[in-house]
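Enquirer: Sharing a structure here in structure tokens format.
Throughout, read-outs are computed from the coordinates displayed, never taken from laboratory work. Here the structure is a predicted model, which means the values were calculated and not measured. A quick note on method: Cβ atoms are made from the backbone with ideal geometry, for glycine too, and the neighbour counts reach across all protein chains shown.
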Amino acid sequence: MGILRARLLALPVFLFSLILLLLPKFVHCQEPKKVSPHPAKYWQKLPEDSMVQCLLCPRKCVLRPGQRGICGVRENRNGELVTYGYGNPVAVHIDPIEKKPFFHVWPGSPAFSIAVAGCNMRCLFCQNWQISQVRPDEVFGFILSPEEVVSLAKQYRTDWVVYTYTEPTIFYEYMFDIAKLAKAKGLFNAMHTCGYINPEPLRALLPYIDAVNVDLKGFTEEFYNRMGLMASLAPVLRTLKIIKESGTWLEITNLVIPGFNDSPEPVEEMCRWIVENLGPDVPLHFSRFYPHHELTRVPPTPISTLERCVDIAHRCGLKFVYIGNVPGHKWESTYCPKCGTLLIKRIGYTIVFNKIRNGRCPVCGEKIPGIWKGAERNR
């Protein structure tokens with residue numbers, strides 16, 4: 001009966017998504033869009049022949065006129081940096097907030113999710129490569145102003161706007177304007193990001209963001225260099241520290257890929273770093289890999305490997321460790337770190353039950369960190 005009840009409770013989320021597909025035709029483009037450029041933030045002019053340098057992310061692309069950065073979104077247009085990622089989302093959905101994944105944020109709540117095409121990473125294992133590895137003007141999409149996004153979020157009775165699916169950093173200006181307006185209208189904002197952003201734009205954004213999930217893709221420079229097109233681990237670790245120091249709620253996702261980042265030693269090093277630099281209360285999600293994009297010959301992650309990662313994390317002192325992409329697994333659920341009580345039972349994205357009351361375990365009274373509906377936030 002509990003599972004049946006949970007499935008029935010999940011119906012509103014499904015209906016929201018179905019309704020959204022039936023939005024008026026004027027919202028949706030029937031062909032790749034003619035995207036208008038929008039002034040970009042965080043860049044500087046260079047003395048050489050109208051060259052500019054983007055300062056949004058650690059790549060700091062130097063661009064000649066007409067050239068775009070690695071993200072495919074920001075372009076030097078006649079000596080001025082513009083973005084083609086404003087007002088033109090490629091994905092607009094209503095999802096359970098667990099899908100982001102956020103497990104300590106309003107469990108079971110529908111989230112208005114939005115993304116613009118493009119990314120400043122080139123991960124070989126990308127699970128959304130069809131929209132992340134293309135330019136905004138190469139794909140089908142929507143035309144939605146920040147005001148329309150907020151209006152739709154309220155219209156469909158979602159309390160959260162989440163910037164997800166691709167990398168929110170590449171549509172920074174759009175996200176910033178939506179988040180600021182959403183905050184003013186009483187909504188909450190969250191983002192799922194690779195964390196590849198410079199400190200100044202990150203610190204300017206965080207006052208409007210309530211929760212962040214960061215993909216910590218691996219824990220070696222070699223892995224980031226190989227998998228992210230000459231990316232680096234260090235800026236991601238810096239981002240994690242800034243988010244934690246800001247007081248914004250933080251969760252971390254690590255996609256475990258067989259033969260690439262699943263060795264026990266770097267997993268243990270990562271977990272110890274999290275405990276020492278971010279604290280033991282930060283939820284860590286070990287997500288199961290399935291063949292995607294350039295890694296179609298790599299098999300899915302063995303469940304035993306994920307369970308080993310959970311054991312390592314617990315031994316290192318992390319209190320809230322989860323396994324993702326394995327519906328029904330024990331470690332999809334939340335347990336009290338003090339008395340072991342099963343607090344939130346999950347099957348996939350469905351909440352079977354939630355026993356947390358006022359941010360505490362009902363058995364022993366232990367504070368459970370997170371953002372809980374109807375309770376003061378516990379950190």
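Enquirer: With no solvent and one equal point scatterer per Cα, compute the Debye intensity ratio I(q)/I(0) for the chain at 0.08 Å⁻¹ and report its log10, rounded to two decimals.
Expert: -0.40
Enquirer: Read phi for every residue in segment 83-88 and hand back ³J(HN,Hα) as whole Hz from Karplus 6.51 cos²θ - 1.76 cosθ + 1.60, θ = phi - 60°, with x for Gly and Pro.
Expert: Working through the residues one at a time gives 10, 9, x, 10, x, 9 Hz.
Enquirer: Pull up all non-local amide H partners of HIS285: gap of 5 or more, or a different chain, and H-to-H distance under 5 Å with H placed in the peptide plane.
Expert: The answer is ILE252, THR253, ASN254, TYR322.
Enquirer: Given +1 on the Cβ of Lys and Arg, -1 on the Cβ of Asp and Glu, and no further charges, what dipole in debye does the chain carry about its Cα centre, rounded to the nearest 20?
Expert: So the magnitude is around 920 debye.
Enquirer: With unit charges on the beta carbons (Lys and Arg positive, Asp and Glu negative) and the dipole taken about the Cα centre of the chain, which residue among GLN127, TYR349, SER263 sits farthest to the positive side?
Expert: TYR349
Enquirer: Residue by residue through segment 136-148, which ³J(HN,Hα) values in whole Hz follow from phi under the Karplus form 6.51 cos²θ - 1.76 cosθ + 1.60 (θ = phi - 60°), with glycine and proline marked x?
Expert: Going residue by residue, I get x, 8, 10, 9, 5, x, 10, 10, 9, 6, x, 4, 5 Hz, with x marking Gly and Pro.
Enquirer: Oh, and also: Which angle from 0 to 90°, rounded to the nearest 10, does the C-alpha axis of helix 303-316 make with the longest principal axis of the chain?
Expert: For 303-316 against the chain, the angle is about 80 degrees.
Enquirer: Counting only residues 5 or more places away or on other chains, whose amide H sits under 5 Å from the amide H of VAL105 once H atoms are built in the peptide plane?
Expert: ILE371
Enquirer: Let me ask something else about it. Across segment 31-215, how many lysine pairs, 8 or more apart or on two chains, come within less than 16 Å at their alpha-carbon atoms?
Expert: 6
Enquirer: Would you work out the charge dipole size for segment 31-215 about its Cα centre, treating the Cβ of every Lys and Arg as +1 and the Cβ of every Asp and Glu as -1, and quote it to the nearest 20 debye?
Expert: For this selection, approximately 160 debye.
Enquirer: Using each residue's phi in segment 340-351, evaluate 6.51 cos²θ - 1.76 cosθ + 1.60 at θ = phi - 60° and report the 3J(HN,Hα) Karplus result to the nearest Hz, with x for Gly and Pro.
Expert: Karplus-based 3J(HN,Hα) across segment 340-351 equals x, 4, 6, 9, 10, 8, 10, 10, x, 8, 9, 8 Hz.
Enquirer: Divide by every residue of the chain the summed helix terms, -39500 (n - 2.57) for each DSSP H run of at least 4, and state the resulting mean residue ellipticity at 222 nm, rounded to the nearest 500 deg cm²/dmol.
Expert: Taken over the chain, the calculation gives -8000 deg cm²/dmol.
Enquirer: Hey, can you grab everything whose amide H is under 5 Å from the amide H of PHE353? Only 5+ residues off in sequence or another chain; H modelled, so Pro and N-termini drop out.
Expert: Long-range HN contacts for PHE353: LYS345.
Enquirer: Treating only the Cβ of Lys, Arg, Asp and Glu as charged (+1, +1, -1, -1), what charge dipole size does segment 238-379 show about its Cα centre? Round to the nearest 20 debye.
Expert: I would put it at about 640 debye.
Enquirer: Of the listed peptides 64-72, 354-362, what is their order by residue-averaged count of other C-beta atoms within 10 Å, with the highest listed first?
Expert: Averaged packing, sorted descending, gives the order 64-72, 354-362.
Enquirer: If you don't mind, another one. For segment 303-377 and segment 84-100, what is the separation of their C-alpha centers, rounded to whole Å?
Expert: 26
Enquirer: Let me ask another. Tally the DSSP beta bridges in segment 31-215 and give the antiparallel ones as a percent, rounded to 5.
Expert: The answer is about 60 percent antiparallel.
Enquirer: How high is the relative contact order of the chain? Use alpha-carbon pairs under 8 Å, at least six apart in sequence, and give a whole percent.
Expert: 13
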